[in-house]
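S.K.: My questions will all concern the structure given below.
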Amino acid sequence: MTELDPRDLRRAFGKFMTGVTVVTTRSASGMALGFTANSFTSVSLDPPLLIVCPGKNLSSYGEFSTCTHFTVSVLAEGQEDVSNTFAGFKGDRFAKTDHDLDAREIPLINGAVATFSCRTHQVIEAGDHCVLIGQVEAYSHNDRPALGYANGQYFSLGLERGALEPTGRRTVCGAIIEHEGRVLLEKTDAGFRPPQVTLSDRRQLRDSLRQDLHDRGIDARLGVVYSVYDDATAHHVYILGNAPELPKHGKLEAVAIEDLATLTYSTAPITTMISRFALESRTRDFSLYLGSAQQGDVHSFSERT
């Protein structure tokens with residue numbers, strides 16, 4: 001079998017957009033245990049089955065691979081902190097998280113968009129994970145939007161949909177494209193700006209932007225919406241992305257992230273946006289800006305490693 005690059009394979013798997021769940025159980029001694037997982041899917045309605053896939057790197061792997069019952073809570077938009085807590089916090093995760101108990105006293109995350117209480121149906125060894133198949137004994141759900149995850153980042157479909165609703169105005173759509181610690185920028189008479197395209201129809205916004213970038217020699221992978229604002233001339237949308245290689249032609253310049261603050265930009269909102277990007281790049285804790293060219297709100301989402 002051809003040897004594969006595990007890090008690159010992980011990035012490839014990460015292209016599939018998923019929800020985010022917290023899986024919980026109790027140890028034989030009664031201790032509550034939980035971890036964050038996006039390896040979750042429904043399997044069958046008759047009988048009602050679902051699967052999650054605990055990794056063997058989990059400190060609680062032994063308990064989950066042998067448990068008789070467990071729960072799955074599908075997280076809602078705004079529950080990034082819950083996901084991060086169960087992904088990496090070393091202390092008492094349940095003390096930091098609002099939760100309830102099911103009929104078997106296994107924790108369920110409050111505010112989740114759906115919860116499932118399961119009896120273990122089967123456990124199958126699968127490489128560095130196991131496939132934990134649960135038979136659903138009880139469940140609940142509501143109409144809140146779910147938290148999304150793709151390309152190593154959380155995303156909010158609700159916020160993105162709201163940001164991209166038609167306004168009847170022309171739209172300027174651009175991309176902050178990274179390549180190996182550098183950002184691709186184009187130089188105009190007024191200063192630098194991200195590559196961008198003006199649209200009259202936003203229904204094909206991403207496709208139009210992707211085609212424009214391709215015409216410039218950039219085969220970019222577009223991620224989450226990063227900044228949405230209105231000014232006197234247009235509705236502006238900027239999306240984060242990355243490129244596997246630099247363009248072979250065109251007038252774009254690849255500027256090191258640490259040098260972004262030294263440049264002059266074409267407009268004040270772009271100056272503010274690029275400054276925020278340079279700052280957030282240090283921790284990879286990016287956020288979505290929604291508002292006008294002068295003021296607005298920042299909605300946090302995180303990029304997990």
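S.K.: In contact with a Pro (Cβ under 8 Å, 6 or more places away or on another chain), under 27 Å from residue 66 (Cα atoms) and modelled with pLDDT of 95 or more - does that describe any residue in region 101-118?
M.R.: Within region 101-118, one or more residues are in contact with a Pro (Cβ under 8 Å, 6 or more places away or on another chain), under 27 Å from residue 66 (Cα atoms) and modelled with pLDDT of 95 or more.
S.K.: Here is a follow-up. When only residues in region 29-77 that are part of a loop (DSSP other than H, G, I, E, B) and polar (S, T, N, Q) count, which is farthest from residue 143 (Cα to Cα)?
M.R.: Out of the qualifying residues, it is 29.
S.K.: How about region 83-112: which of its residues are farther than 24 Å from residue 131 by Cβ and open to solvent by less than 50 Å² (accessible area, probe 1.4 Å)?
M.R.: Filtering region 83-112 for residues farther than 24 Å from residue 131 by Cβ gives 84-85, 89-92, 94-101, 103, 105, 110-111.
Scanning region 83-112 gives 85, 91, 94, 97, 111.
S.K.: It is to be established whether one or more residues within region 13-22 are surrounded by 13 or more Cβ atoms within 10 Å (Cβ to Cβ), touching a residue at least 24 places away in the same chain (Cβ under 8 Å) and not in a strand (DSSP E or B).
M.R.: The initial filter retains those residues of region 13-22 that are surrounded by 13 or more Cβ atoms within 10 Å (Cβ to Cβ), namely 14, 18-22.
Within this subset, residues satisfying the condition of being touching a residue at least 24 places away in the same chain (Cβ under 8 Å) are 14, 18-22.
Then keep just the ones that are not in a strand (DSSP E or B); that gives 14, 20.
Yes, there is a match, as at least one residue in region 13-22 is surrounded by 13 or more Cβ atoms within 10 Å (Cβ to Cβ), touching a residue at least 24 places away in the same chain (Cβ under 8 Å) and not in a strand (DSSP E or B).
S.K.: Scan the strands (runs of 3 or more DSSP E) fully inside region 139-216 and keep the ones with 2 or more residues being open to solvent by 70 Å² or more (accessible area, probe 1.4 Å) and modelled with pLDDT of 80 or more. Lay out the reasoning, then the answer.
M.R.: Values: elements: 148-150, 153-155, 171-179, 182-188, 191-193, 196-199.
By residue number, 182-188.
S.K.: Follow-up question, since we're still on this one. Identify, by number, the condition in (1) over 14 Å from residue 184 (Cα atoms); (2) open to solvent by less than 30 Å² (accessible area, probe 1.4 Å); (3) under 25 Å from the mean Cα position of the chain (by Cα) that residue 234 doesn't meet.
M.R.: Failed condition: (3).
S.K.: In this structure, does residue 237 turn out to be at pLDDT 90 or above and touching a Cys at 6+ places or on another chain (Cβ under 6 Å)? If you could, list the steps in order and put the result at the bottom.
M.R.: Details: at pLDDT 90 or above: yes; touching a Cys at 6+ places or on another chain (Cβ under 6 Å): yes.
Answer is yes for this residue.
S.K.: Tell me which residues, restricted to region 26-69, are among the β-branched types (Val, Ile, Thr), within 12 Å of residue 132 (Cα to Cα) and open to solvent by less than 40 Å² (accessible area, probe 1.4 Å).
M.R.: If the condition is that a residue be among the β-branched types (Val, Ile, Thr), within 12 Å of residue 132 (Cα to Cα) and open to solvent by less than 40 Å² (accessible area, probe 1.4 Å), then 51, 52 are the ones that fit.
S.K.: In region 254-297, what residues are within 24 Å of the chain's Cα centre (by Cα), in a loop (DSSP other than H, G, I, E, B) and surrounded by 13 or more Cβ atoms within 10 Å (Cβ to Cβ)?
M.R.: Hits for region 254-297 are 281, 285, 286.
S.K.: List the pairs whose first member sits in region 180-197 and is basic (Lys, Arg), whose second member is open to solvent by 30 Å² or more (accessible area, probe 1.4 Å) and in a strand (DSSP E or B), and whose Cβ atoms are under 7 Å apart, counting only residues at least 6 apart or on separate chains?
M.R.: Every condition considered, the pairs that remain are 182/254; 187/253.
S.K.: Given (1) touching a residue at least 12 places away in the same chain (Cβ under 8 Å); (2) outside any loop (DSSP other than H, G, I, E, B); (3) open to solvent by 20 Å² or more (accessible area, probe 1.4 Å), identify the lone condition not met by residue 225.
M.R.: Tallying (1) touching a residue at least 12 places away in the same chain (Cβ under 8 Å); (2) outside any loop (DSSP other than H, G, I, E, B); (3) open to solvent by 20 Å² or more (accessible area, probe 1.4 Å), residue 225 fails exactly one: (3).
The values are calculated or read from the model by the stated rules, or taken from the named source; none is laboratory data. On a predicted model such as this, the values are computed, not experimentally measured, just so you know. Using ideal geometry, Cβ is built from the backbone for each residue, glycine included, and neighbour counts are taken over all protein chains shown. The protein model used for the area step is the full one, side chains on, heavy atoms only, and it has no ligands, DNA or RNA in it. Shrake-Rupley method; radii C 1.70, N 1.55, O 1.52, S 1.80 Å.
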